[in-house]
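Engineer: One structure is given below, represented as structure tokens, and several questions about it will come after.
The values are calculated or read from the model by the stated rules, or taken from the named source; none is laboratory data. Worth saying up front: this structure is predicted, and the values here are computed from it rather than measured. Reconstructed Cβ throughout: ideal geometry from the backbone, glycine too, with neighbour counts over all protein chains shown.
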Amino acid sequence: MTTYDTVESPDETTVFSYHDLEPPTLSDVYAARSVVSRHLPETPLVRSEFLSAELDADVYLKREDTLPTGAFKVRGGVNLCARLDEEFHDPGLVAASTGNHGQSVAYAGREFDIPVVVAVPGDPNPDKVAAMERFGAEVHPHGRDYDDAREWAEARARTEGYRYVHSANEPALVAGVATAGLEVVERVPEVDTLFCPVGGGSSASGYCLTVGDIADADVVGVQSENASAMYHAWAEGHLRPREDADTYAEGLQSRVPFALTTEMLREGLSEMVLVSDDRIEDAVETMLREEHLLLEGAACAAVAAALERGDELAGQTVVLQVSGRNLAASKLEAAVCGEGGGSE
Ligand SMILES: *Cc1c(COP(=O)(O)O)cnc(C)c1O
């Protein structure tokens with residue numbers, strides 16, 4: 001039987017005694033890579049001719065949408081399952097998710113033959129729910145938003161003995177998703193600036209460890225104005241929850257800033273910026289029209305932030321974390337018909 005040191009919860013999300021909140025190191029990322037590369041393909045880093053011309057820069061898209069779940073998070077899920085203590089293989093894992101974290105854990109659970117329960121908000125993206133069920137997870141809708149679902153999942157972990165998988169306070173997830181950064185550094189070591197959408201901050205934390213520390217690039221985090229908990233935590237140095245996180249980009253929805261990633265981002269992030277939901281929605285439409293790429297709102301936060309810089313990026317090598325492609329059908333219809341909230 002493994003014993004765990006208790007970690008006091010430094011943020012408003014419950015931290016179980018089996019959670020370790022030590023930030024992962026670069027050697028953890030290399031170790032994760034040997035696992036991740038056995039289960040997932042390396043993702044393409046593709047130059048965007050449209051954005052390069054628009055910004056007068058060399059702009060590359062890190063195409064995490066090409067992973068089998070359609071989003072980057074599965075790198076972390078696979079790494080966590082590979083390292084999971086034997087005692088949790090049965091009853092398995094429980095997670096809360098607006099969709100992509102749940103798909104990640106569900107996919108990884110299937111790879112390692114570990115049962116998975118996912119709590120989703122009461123009004124979830126139906127495509128994401130269908131995908132989780134396809135990967136074999138049991139899905140429970142609960143509450144009004146991600147944080148309500150999260151509290152339900154935490155309670156279930158306590159009563160049922162599941163291993164609760166937090167979406168950000170998990171060093172193994174951060175180390176796993178950081179493997180994308182190693183791929184970027186190897187392909188374009190000259191990268192000057194990387195834009196990364198931030199929800200709970202796991203992806204941006206991973207890029208700080210890799211693209212930030214190895215290539216000495218600026219890592220810029222991007223949040224929606226409507227879901228800015230991590231922005232405020234990063235800028236103001238606290239872990240206070242916000243009232244709302246009601247954004248078009250549901251992949252960025254969290255009312256609560258998380259301790260591990262806030263610490264890592266305060267250490268490694270060059271800048272955090274906010275973009276409006278209208279700009280994000282415009283960027284979804286633009287990527288569809290100009291690049292013929294179907295991306296979800298969260299992924300397009302990075303695109304919107306880069307476009308807002310205008311000519312400030314001229315001459316630079318810029319990488320955009322294209323984090324996922326799981327756009328709800330209704331939003332796809334609106335984008336195709338040009339019914340976005342913003343103006344072009
Ligand atoms: C989860 C998610 C994000 C935000 O990532 P964090 O690591 O939580 O900051 C961005 N884009 C997509 C598509 C996501 O699924």
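Engineer: Applying the selection to segment 178-230, what residues are under 16 Å from GLU250 (Cα atoms), without any contact (Cβ under 8 Å) to a residue 60 or more places away in the chain and in a helix (DSSP H, G or I)?
Structural biologist: Residues satisfying the conditions are ALA229, MET230.
Engineer: Another question, if that's okay. Within segment 242-269, can you find the residues that are surrounded by fewer than 17 Cβ atoms within 10 Å (Cβ to Cβ) and over 18 Å from the mean Cα position of the chain (by Cα)?
Structural biologist: GLU243, ASP244, GLU267
Engineer: Does SER276 qualify as being of a type in the set (S, T, N, Q), away from the ligand (no atom under 13 Å from the Cβ) and under 25 Å from TYR146 (Cα atoms)?
Structural biologist: Criteria met by SER276.
Engineer: Could you please find all residues in segment 159-175 being over 19 Å from GLY201 (Cα atoms) and in contact (Cβ under 8 Å) with a residue 12 or more places away in the chain?
Structural biologist: Within segment 159-175, GLU160, GLY161, TYR162, ARG163 qualify.
Engineer: State all residues of segment 196-233 that are within 12 Å of the ligand (Cβ to nearest atom) and surrounded by fewer than 24 Cβ atoms within 10 Å (Cβ to Cβ); if no residue qualifies, say none.
Structural biologist: TYR231
Engineer: Would you pick out the residues in segment 145-190 that are charged (D, E, K, R) and surrounded by 24 or more Cβ atoms within 10 Å (Cβ to Cβ)?
Structural biologist: ARG150, GLU170
Engineer: Taking GLU250 as the residue in question, decide whether it is within 12 Å of the ligand (Cβ to nearest atom), among the acidic types (Asp, Glu) and at pLDDT below 95.
Structural biologist: For GLU250, the condition - within 12 Å of the ligand (Cβ to nearest atom), among the acidic types (Asp, Glu) and at pLDDT below 95 - is met.
Engineer: A follow-up question, please. Find the helices (runs of 4 or more DSSP H) located wholly in segment 275-344 whose residues include 2 or more that are buried (at least 22 other Cβ atoms within 10 Å of the Cβ), and list them.
Structural biologist: Passing ranges, in order: 277-291, 297-309.
Engineer: Continuing with the same structure: Of all residues in segment 166-195, how many are within 13 Å of the ligand (Cβ to nearest atom) and either closer than 15 Å to ARG75 by Cβ or touching a helix residue (DSSP H, G or I) at 6+ places or on another chain (Cβ under 7 Å) (or both)?
Structural biologist: Going through segment 166-195 one residue at a time, the tally reaches 13.
Engineer: Only one of these conditions is not met by HIS101: (1) modelled with pLDDT of 95 or more; (2) not in a loop (DSSP other than H, G, I, E, B). Which number is it?
Structural biologist: With (1) modelled with pLDDT of 95 or more; (2) not in a loop (DSSP other than H, G, I, E, B) applied to HIS101, the lone miss is (1).
Engineer: Can you pull out every residue in segment 120-148 that is of a type outside the set (Ser, Thr, Tyr) and assigned to a helix (DSSP H, G or I)?
Structural biologist: Of everything in segment 120-148, those that are of a type outside the set (Ser, Thr, Tyr) and assigned to a helix (DSSP H, G or I) turn out to be PRO126, ASP127, LYS128, VAL129, ALA130, ALA131, MET132, GLU133, ARG134, ASP147, ASP148.
Engineer: Could you grab the pairs with beta carbons closer than 8 Å, sequence gap of 6+ or different chains, first residue in segment 46-69 and within 17 Å of GLU183 (Cβ to Cβ) and without any contact (Cβ under 8 Å) to a residue 60 or more places away in the chain, second one surrounded by 23 or more Cβ atoms within 10 Å (Cβ to Cβ) and of a type in the set (Val, Ile, Thr)?
Structural biologist: Every condition considered, the pairs that remain are ARG47/VAL59; LEU67/VAL74; PRO68/VAL74.
Engineer: When you look at ARG134, is it surrounded by fewer than 24 Cβ atoms within 10 Å (Cβ to Cβ), under 26 Å from ASP11 (Cα atoms) and either away from the ligand (no atom under 15 Å from the Cβ) or not small (Gly, Ala, Ser) (or both), yes or no?
Structural biologist: No: the conditions fail for ARG134.
Engineer: Take GLY324 and decide whether it is under 19 Å from LEU61 (Cα atoms), in contact with a helix residue (DSSP H, G or I) (Cβ under 6 Å, 6 or more places away or on another chain) and within 14 Å of the ligand (Cβ to nearest atom).
Structural biologist: Taking the combined requirement at face value, the residue satisfies it.
Engineer: Looking at PRO91, is it outside the structural domain of VAL256 (by TED's automatic domain parsing), under 26 Å from ASP246 (Cβ atoms) and in contact (Cβ under 8 Å) with a residue 24 or more places away in the chain?
Structural biologist: Spelling it out, it is not the case that PRO91 is outside the structural domain of VAL256 (by TED's automatic domain parsing), under 26 Å from ASP246 (Cβ atoms) and in contact (Cβ under 8 Å) with a residue 24 or more places away in the chain.
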